[in-house]
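The structure appears right after this line, and notes come after that.
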Ligand SMILES: Cc1ncc(COP(=O)(O)O)c(C=O)c1O
């Protein structure tokens, strides 16, 4: 099949760029130094490629991602780097054939994990992002409670998400070091082998973590594309068809339901973005444009863009070489 024959909006992966991103990361953070975050791509097929690169542990944001990886026999060491008190989902993760660890940051999440048969936890520590995580000074007490609840405490995690997109590399490095002081202090009280942190923007500057949880690096988006020190290239696109042409603008058939815009507008090299609506991109074309032409759009935020699509088409130039289901969607 040719790329032009795909129905649009079409989620496109440049297979060669993806392979290069995978290799660059595996070279810098080999094997267990990287615990790839699958929430970025939500595809067991892509997770298999990461296993082929030597990364046998995964980071997940949802129980559905955990269960899907385990079902696909990619379950050597799966970390749910997120809190849940959902008894049904915790029990399903406890029963699945993967080796599962879940993050806890409160007596409630510890009690829920223990009562549903989960065996391993990490203490999630607040390192500056206003999201989950216990205050560093309380991490040791929480670890004691987890141990008393017959849970194995494998260590700590703390995601410095407020720093991953800082444009200046030097400032990013300094602020990450400060943030990781909080995680290391908590780890001194908690113990365990794991100090899990980091993302695509900090994979090279976070020297405190024993493992990095980067996900976006494999396909990238325009938000991370703004960090000039990152060696990863754009591998993810959404192709659209021009469905209407006016004197000053053209309209393509990919809008808010095909592209996530929480990190700003997606863009196209075919012209300047005017605005997106539900199913449309209105743009000012930079060359003569006809109804039926194809344009390629660069997503601004990879994770929620991919989650809107049922499958991705891997392309090599004009040829579609494979199609991968987005089989780790939903919760
Ligand atoms: C817990 C956690 N770890 C790591 C990451 C890093 O992912 P990425 O490399 O896609 O920025 C995220 C992203 O939001 C996250 O939520």
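The values are calculated or read from the model by the stated rules, or taken from the named source; none is laboratory data. These figures come from a predicted structure and were not determined experimentally. All Cβ positions, even for glycine, are placed from backbone atoms using ideal geometry, and neighbour counts span all protein chains on display.
Counting only strands (runs of 3 or more DSSP E) that sit wholly inside the stretch 251-331, those with at least 1 residues that are under 20 Å from the mean Cα position of the chain (by Cα) are 294-298, 311-316, 319-325. Answer yes or no: is there a residue in the stretch 218-227 that is within 13 Å of the ligand (Cβ to nearest atom), surrounded by fewer than 19 Cβ atoms within 10 Å (Cβ to Cβ) and not in a loop (DSSP other than H, G, I, E, B). The answer is yes, given that some residue of the stretch 218-227 is within 13 Å of the ligand (Cβ to nearest atom), surrounded by fewer than 19 Cβ atoms within 10 Å (Cβ to Cβ) and not in a loop (DSSP other than H, G, I, E, B).
Only one residue in 79, 74 is touching a residue at least 12 places away in the same chain (Cβ under 8 Å), more than 20 Å from residue 222 (Cβ to Cβ) and surrounded by 24 or more Cβ atoms within 10 Å (Cβ to Cβ), so which one is that?
It is 79.
The number of residues in the stretch 180-199 that are away from the ligand (no atom under 16 Å from the Cβ) and in a loop (DSSP other than H, G, I, E, B) comes to 3. Of note, residue 100 does not satisfy the criterion of being more than 19 Å from the chain's Cα centre (by Cα) and closer than 21 Å to residue 37 by Cα.
The number of residues in the stretch 119-177 being within 18 Å of residue 37 (Cα to Cα), in contact (Cβ under 8 Å) with a residue 40 or more places away in the chain, in contact with a strand residue (DSSP E or B) (Cβ under 8 Å, 6 or more places away or on another chain) and part of a loop (DSSP other than H, G, I, E, B) comes to 3. Kindly indicate whether any position in the stretch 311-328 is more than 20 Å from residue 1 (Cβ to Cβ), out of contact with any strand residue (DSSP E or B) (no Cβ under 7 Å at 6 or more places or on another chain) and at pLDDT 95 or above. Yes - at least one qualifying residue is present in the stretch 311-328. Hey, does the stretch 236-244 have a residue that's exposed (fewer than 15 other Cβ atoms within 10 Å of the Cβ), over 15 Å from the mean Cα position of the chain (by Cα) and in a loop (DSSP other than H, G, I, E, B)? No. From the list 57, 75, the lone residue that is in contact with a strand residue (DSSP E or B) (Cβ under 9 Å, 6 or more places away or on another chain) and modelled with pLDDT under 95 is 75. Under the condition of being assigned to a helix (DSSP H, G or I) and without any contact (Cβ under 8 Å) to a residue 40 or more places away in the chain, the residues counted in the stretch 107-118 number 8. Among the criteria (1) surrounded by fewer than 18 Cβ atoms within 10 Å (Cβ to Cβ); (2) more than 10 Å from the ligand (Cβ to nearest atom); (3) at pLDDT 95 or above, the one residue 205 does not fulfil is (1). Count of the stretch 24-42 residues, restricted to those that are touching a residue at least 40 places away in the same chain (Cβ under 8 Å), surrounded by fewer than 24 Cβ atoms within 10 Å (Cβ to Cβ) and in a loop (DSSP other than H, G, I, E, B), is 1. Checking 40, 64, 103, 94 one by one, the residue that is modelled with pLDDT of 95 or more and away from the ligand (no atom under 16 Å from the Cβ) is 94 and no other. Residue count for the stretch 43-59 under the criterion of being touching a residue at least 60 places away in the same chain (Cβ under 8 Å) and outside any helix (DSSP H, G or I): the result is 3. Residues of the stretch 43-56 that are within 14 Å of the ligand (Cβ to nearest atom) and exposed (fewer than 15 other Cβ atoms within 10 Å of the Cβ): none at all.
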